[in-house]
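Read the structure below first, then the notes.
Read the figures in this text as sums done on the coordinates, not as results from a lab. This structure is a prediction, so every number in the text was calculated from the model and none was measured. So basically every Cβ, Gly included, is an ideal-geometry build from the backbone, and we count neighbours across all protein chains shown.
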Amino acid sequence: MRKLVIAISMLGLVGSAAFADPILDRQALMKERGKIAGGLSKVVNGQEPFEAAAVLTALQALQANAEKLDIDALFPAGSDAGDTTAAPKIWEDMAGFKAVHAKYLADVKAAVAAAPADVDALKAQFDTLGSDCGTCHQTYRIKKG
């Protein structure tokens with residue numbers, strides 16, 4: 001879990017740069033989110049021990065990541081072309097896309113505020129966050145392959 005905390009700290013440094021290319025920048029944020037979630041998944045699945053402080057740090061990193069996702073800056077008109085898996089549905093239903101992201105952000109903030117005391121509490125929170133991610137991916141992401 002210490003490796004997860006170190007990795008999260010390093011990812012925060014990488015993610016702090018100003019947005020230059022909306023496609024690359026949003027992909028970087030999503031990769032960062034995936035790495036953080038992957039670390040939490042290892043705890044949920046028993047592959048890593050539950051350490052309350054490290055789990056809270058990871059949840060806080062997810063919150064910071066979600067707060068950095070500036071939809072207007074990262075999904076401007078015309079950024080649906082190129083090397084991206086962002087579905088056209090984003091631009092067709094921007095309000096819906098923003099609502100899905102707002103729910104995810106609210107759920108991440110709730111998980112941070114609840115500061116899970118054990119793996120069972122984390123599992124419940126992680127299931128909610130995973131559901132949020134799945135909803136977005138099913139509707140607003142083009143499946144690879």
Principal-axis tilt of helix 22-44 within the chain, Cα atoms, nearest 10 degrees: 20
Report the longest stretch of the chain that contains none of the trypsin sites (Lys or Arg not before Pro) sitting in a DSSP loop with at most 10 other Cβ atoms within 10 Å. 1-142
Using modelled amide H (1.01 Å from N, peptide plane; none on Pro or chain starts), what sits under 5 Å from the amide H of ALA86, excluding residues fewer than 5 places away? ILE142
Kirkwood hydrodynamic radius of the chain from all distinct Cα pairs, in Å? 15.8
Of the listed pairs LYS35/LYS68; LYS42/LYS123; LYS31/LYS123; LYS89/LYS143; LYS89/LYS144, which have alpha-carbon separations greater than 18 Å here? LYS31/LYS123
